[in-house]
1. Going by the structure shown, is Lys234 basic (Lys, Arg) and modelled with pLDDT of 95 or more?
2. Taking the options Asn166, Asn130, Asn149, name whichever one is of a type in the set (S, T, N, Q), touching a strand residue (DSSP E or B) at 6+ places or on another chain (Cβ under 6 Å) and surrounded by 14 or more Cβ atoms within 10 Å (Cβ to Cβ).
3. Run down Leu109, Leu124 and say which single residue is in contact with a helix residue (DSSP H, G or I) (Cβ under 7 Å, 6 or more places away or on another chain), surrounded by fewer than 24 Cβ atoms within 10 Å (Cβ to Cβ), among the hydrophobic types (A, V, I, L, M, F, W, C) and part of a loop (DSSP other than H, G, I, E, B).
4. Tell me, please, whether a residue that is touching a His at 6+ places or on another chain (Cβ under 6 Å) and either at pLDDT 95 or above or at positive phi (or both) can be found in the stretch 150-165.
5. Look at the stretch 290-301 and say how many of its residues are on the phi < 0 side of the Ramachandran plot and either touching a residue at least 60 places away in the same chain (Cβ under 8 Å) or in a loop (DSSP other than H, G, I, E, B) (or both).
6. Are any residues in the stretch 307-340 surrounded by 21 or more Cβ atoms within 10 Å (Cβ to Cβ) and either within 20 Å of Ala64 (Cβ to Cβ) or of a type in the set (Lys, Arg) (or both), and if so, which ones?
7. What number of residues within the stretch 171-215 are of a type outside the set (Asp, Glu) and under 16 Å from Pro241 (Cα atoms)?
8. Yes or no: the stretch 349-369 includes at least one residue that is basic (Lys, Arg), surrounded by fewer than 17 Cβ atoms within 10 Å (Cβ to Cβ), at pLDDT 95 or above and in a helix (DSSP H, G or I).
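The values are calculated or read from the model by the stated rules, or taken from the named source; none is laboratory data. Since we're looking at a predicted model, the values are computed, not measured. So basically every Cβ, Gly included, is an ideal-geometry build from the backbone, and we count neighbours across all protein chains shown.
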Amino acid sequence: MKQLYWAYGLVILIGMLVSCRYPAPVPKPIDGEGPDTTVPNKPDTVIIDTIPAKNPDSSLANTARFGNSKIFDEAKLKSSKGIFTKAADYRGRITDLNYEFVAPGDDTLRFRPFVLMVHEGAFLFGDLGNEMGKARGLAQRGYAAAAINYRLGFNGASETYACGGNSQEAVRAVYRAVQDTYAAIHYFVDRAEEFGIDTRQIMLAGSSAGAITVTALVYMNEADFEALAPGITKALGRLDPKAEDSPFRVRALLTQMGYGIFNDEYINASNAMPTVFFQRIGDNVLPYYRGTFLSCPTYLPMEGAKMAADQLKKFKTPFELNYENLEGHHLSYPEEYVIGRYAGFMKRLWSRNPRQITNDAYKTVEDVGLK
């Protein structure tokens, strides 16, 4: 009998220790209307963070801000520039990584939804200035926005010949860009009071290589990168060194001028992210269906906007797929149109009107409401 009591007591003690180490997850609120204790892009991860969004979805939906109306004059926007981190490039040279931030001036709203923008350039060229037109357009609608530079280049490739490297080096370029984007997010999150941003209402916007970067940030972890390029973590360091110290929430991906994910099966029911896509069916740099990274025959397989949208459709996640039935990488949409589609998409999310919309150029060919 004594042995039975001892065994029973031991089971209880072990159960208590396990429950302390792995606390039960707190249910997520509906549409951000309260504390959110999960990191959406890291499924099954629980963090000690009960800070709700500064602006619940209902308040963002029921305001003239954040939609198609430019309610702030461009001349009265406030902007700032700076360096968010320093890091070694692929040649080992320390590089200053800078940002440009823009938001409404003399604004009565203290904390605004924040859009972080990552530029195009095949991970070989480009500059944050390419995104500032969209950033200013979003700021005129009430958002805070910033564009960043990230480390460019990888061994064997050049601006004139992107296919001269190999898959391992190409994956390292993506890894570095994701590291830098994480560093930028944490820079702004840690200074949310200064910049006036709502850390629970963050959108990641990317063009071409930038779209690959923000997608990888949301859907890939170190193990995924290791599977593609063994030893990458040891060589380049942690993907997100501040993962436990500086929590934030990504609400949506806003992508244009192509899209790319190494494997659409990275998208699952736990992490599927509301997304806007803009891509040509005949994209000759990033595949609309399936192809290879940068369309280089010796690089890793890559999947485009159509495949990712099909995954989101399967998991009943809102998306807007805008495609042009044309050849080439560059799109025909005016910048103002892209900004308007981004803003309209977010308004629908905040208004509890989630939809899966497919547009052939400017014509809607499918519009499905989600319950």
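1. So Lys234 passes the test.
2. Selected residue: Asn149, the only one of Asn166, Asn130, Asn149 that is of a type in the set (S, T, N, Q), touching a strand residue (DSSP E or B) at 6+ places or on another chain (Cβ under 6 Å) and surrounded by 14 or more Cβ atoms within 10 Å (Cβ to Cβ).
3. Leu124 is the lone residue from the list that is in contact with a helix residue (DSSP H, G or I) (Cβ under 7 Å, 6 or more places away or on another chain), surrounded by fewer than 24 Cβ atoms within 10 Å (Cβ to Cβ), among the hydrophobic types (A, V, I, L, M, F, W, C) and part of a loop (DSSP other than H, G, I, E, B).
4. Within the stretch 150-165 (the criterion being touching a His at 6+ places or on another chain (Cβ under 6 Å) and either at pLDDT 95 or above or at positive phi (or both)), the answer is no, since none of the residues qualifies.
5. Number of matching residues: 6.
6. Ile339
7. 14
8. Within the stretch 349-369 (the criterion being basic (Lys, Arg), surrounded by fewer than 17 Cβ atoms within 10 Å (Cβ to Cβ), at pLDDT 95 or above and in a helix (DSSP H, G or I)), the answer is no, since none of the residues qualifies.
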